[in-house]
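First comes the structure, then the notes that go with it.
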Amino acid sequence: MNPGQQIPRNALVWIILCLFTLVAPHAGRLPVWVLAVYLFAAAWRTMVYQGRWSFPGRLVKAGLTIASCVGIYLSYGSLIGLEPTIALLLTAFALKLIELHQRKDAYVLLFLGYFICITEFLFSQDLPMVAYALVNVILVTTALVALHRPGEHQFNRKTVRLASILVLQSLPLMLVLFFLFPRIGPLWTVPIKSHTARTGVSDFMRPGDISRLGKSDEVAFRVQFEGAIPPPSALYWRGLVFSRQEEGAWRSLRYYDIPPAERRQAPVATPGEPLSYRVIMEPTQQNWLYSLRYARSESPGVMSSADFLLFSPGVLEDERMYQVHSWPEAVLDPTLTDWRREMELRLPPGENPQALALARQLRAAAIDDAQLVDAVLAMFTEQSFGYTLEPPLLPMDNQVDAFLFDSRRGFCEHFASAFVTLMRAAGVPARVVAGYQGGEINPLNRTVIVHQFDAHAWAEVWLEGEGWVRVDPTAAVSPQRIEWGLEQAMQAEGTFLSDSPLSPLRYRGINWLNTLRLRYDDLTWRWQSWVVGFDRERQFQLLNTVFDGISARKFMLVLLASGLLVLGPVAFSLLWRARRRDTSEADRCYLLFCERLARAGVVREAGEPPGRFAARAAAQLREAGDEICRITGLYEQLAYAGDTSPQRQQAALLALRRAVRRFRSNPRTA
């Protein structure tokens, strides 16, 4: 093999290190055997370098490739999808290391490494992942730099430093392209994350579902209001409406369950000024969005349903930002159609006979529907009902009866389900609404942070002349949950985030730790707003504001001028470095030595040999004469002794550098 095509040991070490740092973010979603392939590939290539094993033959490589494809198919059930595709790419990346023979193979592997680094953002675009990806880019670039240093076999910090400089030099151009390069649609689409678990409120609700979310401290979404923030008791974030009860679960109506005439929203009057706010949702693999009562949004890709909810036609695979205007006092459905009334009164036949009897009893004692609502809430308040994050299990049949007459302990979904069942049994249209309630206010940026433990279920009843009215039976049992949040409501029980002892939210009483958490959340909001959420519309608004109107001609001029402004200093720096590379390090040390002597009054004449100049300088600076002669001797050894071994040259250069550095202070007394 041509020695110039061999892979230096230093480069091989960096390549193996990149192999593991690139796969680390995907480790949690990969089969264990893929990680074993990485260890196997690294061990094989190490043994090849040590001369103990040989490179694999064609049959071995073909067998490993086929086995990997079969393994991925068996692990995921398909080769189509985002996770199988990424697993196949990562496995190929590991197997390529085994046949890493020449520099051209290393080029393919490292360029593939840059591509794998990008795949991390298909699953997360959070700040820690961005920082980790930047480290990976530097490591891959370090391996690429080490590949171009064939004589370098020992670890050298200069390789990392040079790679870091190259990455830093690219940042200004990256910023120009980020703000100015046109946002165009993709040439292809990425398959959805079919194997990623969904998070948040689901499209059905069984007893205990929301209480499980109450044990999670993950962020569901963040909200920033344009004006004053409403009190927590008014922050009911509607996400889903459950109108059907079947098989022990409340479910939302599917699109085709609704007659065509009922699929559009009824006209709604919007009195007063709306609440305006911006929402940034975390990815959920779901379609529904969250907003306050009666919301309208002009953001692209946000639609409204017949139940006055917001949703996205596509599932939320990435963070999503949308602008909303809400009218909390708007009257929804002042009149009910026959189909809607029948749907919101329907109950499973033959279930919960005790609850139905209780509803008839309360109905007979109430003057109107509003008084019936008050009577049921008074029952929850006056009788021994308890609010808990750990409710007892209920039987599959007659769950409302078991809750109302036996356990009497539950979370918000238990009270909402029982309340709606009683209302429907008494002839009042009612439904369950699921979403989130409240949120934590970050005083640093005045955003509302809504966590998964803020998940909540409540009820809506239809009253003559008022339309759909929100009724929260949880507020009758645990008013502190609505006013102050889940943490205060569970303080006596001690179950708030009991399964997450390391959650920062459990230590909000420690001021410095809580401040650090809120500052990080503020940084996350800014990152999501200005980087992740910087889409085509925001780019156009920014350019239109900065340049007082933007046209195609002006845009191209700005793009070219910015590129030249950024690349100009880089080009000048490269040219300057090229000029300096024409002078060896020994010459630069000697010229610095001559500058020190010139400041002491001894100036070297043009073309004067080093030996003659040293003799003249030593005669004038007698106290430093020995050091002058020693430095000159070291320089002559490096400049004229071409047959000296590399080890001796390196030692002489180090001695020259140290001697010149010591000579800098005062040549008369050096």
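Among the residues of the range 443-493, those that are in contact with a strand residue (DSSP E or B) (Cβ under 6 Å, 6 or more places away or on another chain), of a type in the set (S, T, N, Q) and modelled with pLDDT of 90 or more comprise 447, 452. Can you name the residue in the range 321-337 that is of a type in the set (Val, Ile, Thr) and either assigned to a loop (DSSP other than H, G, I, E, B) or touching a helix residue (DSSP H, G or I) at 6+ places or on another chain (Cβ under 6 Å) (or both) and is also farthest from residue 460 (Cα to Cα) among such residues? Going through the qualifying residues, I end up with 337.
So is residue 664 exposed (fewer than 13 other Cβ atoms within 10 Å of the Cβ), at pLDDT below 85 and not hydroxyl-bearing (Ser, Thr, Tyr) or not? No; evaluated as a whole, the condition is false for this residue. Just one of the listed residues (99, 83) is crowded, with 16+ Cβ neighbours inside 10 Å, among the charged types (D, E, K, R) and farther than 20 Å from residue 143 by Cα, and it is 83.
Every listed requirement among (1) farther than 18 Å from residue 264 by Cα; (2) surrounded by fewer than 17 Cβ atoms within 10 Å (Cβ to Cβ) is met by residue 352 save one, (2). Here the range 331-349 is the region considered, the condition is being in contact (Cβ under 8 Å) with a residue 60 or more places away in the chain and over 22 Å from residue 265 (Cβ atoms), and the residue that is surrounded by the most Cβ atoms within 10 Å (Cβ to Cβ) is 347.
Consider residue 652 carefully, then state whether it is of a type in the set (A, V, I, L, M, F, W, C) and at pLDDT below 85. Taking the combined requirement at face value, the residue satisfies it. The residues of the range 373-394 that are in a helix (DSSP H, G or I), over 19 Å from residue 456 (Cβ atoms) and either in contact with a Leu (Cβ under 9 Å, 6 or more places away or on another chain) or not acidic (Asp, Glu) (or both), listed by number, are 375, 378, 379. Scanning the range 291-320 for residues being touching an Asp or Glu at 6+ places or on another chain (Cβ under 8 Å) and not in a loop (DSSP other than H, G, I, E, B) gives a total of 0.
Checking 370, 416 one by one, the residue that is surrounded by fewer than 18 Cβ atoms within 10 Å (Cβ to Cβ), touching a strand residue (DSSP E or B) at 6+ places or on another chain (Cβ under 8 Å), at pLDDT 90 or above and part of a helix (DSSP H, G or I) is 370 and no other. Within the range 241-267, track down each residue that is part of a strand (DSSP E or B) and of a type in the set (Phe, Trp, Tyr). Hits for the range 241-267 are 242, 250.
The set of residues in the range 54-66 that are surrounded by 14 or more Cβ atoms within 10 Å (Cβ to Cβ) and either among the small types (Gly, Ala, Ser) or not assigned by TED's automatic domain parsing to the domain that holds residue 88 (or both) is empty. For the range 384-404, filtering for residues that are under 20 Å from residue 353 (Cα atoms) and loosely packed, with under 14 Cβ neighbours inside 10 Å leaves 4.
When 30, 88, 35, 95 are checked against the criterion of being of a type in the set (A, V, I, L, M, F, W, C), within 26 Å of residue 134 (Cβ to Cβ) and in contact (Cβ under 8 Å) with a residue 40 or more places away in the chain, 30 stands alone in meeting it. Is it the case that the range 144-161 has a residue that's farther than 24 Å from residue 533 by Cα, over 31 Å from the mean Cα position of the chain (by Cα), assigned to a helix (DSSP H, G or I) and at pLDDT 85 or above? Yes, the range 144-161 contains a residue that is farther than 24 Å from residue 533 by Cα, over 31 Å from the mean Cα position of the chain (by Cα), assigned to a helix (DSSP H, G or I) and at pLDDT 85 or above.
The lone criterion from (1) touching a Ser or Thr at 6+ places or on another chain (Cβ under 9 Å); (2) surrounded by fewer than 22 Cβ atoms within 10 Å (Cβ to Cβ) left unmet by residue 427 is number (1).
If I filter the range 106-119 down to residues being surrounded by 14 or more Cβ atoms within 10 Å (Cβ to Cβ) and touching a residue at least 40 places away in the same chain (Cβ under 8 Å), which single residue comes out as farthest from residue 163 (Cα to Cα)? By that ranking, first place goes to 119.
The values are calculated or read from the model by the stated rules, or taken from the named source; none is laboratory data. Just so we're clear, the structure is a prediction, and the values are computed from it rather than from any experiment. Backbone-built Cβ (ideal geometry, glycine too); neighbour counts: all protein chains shown.
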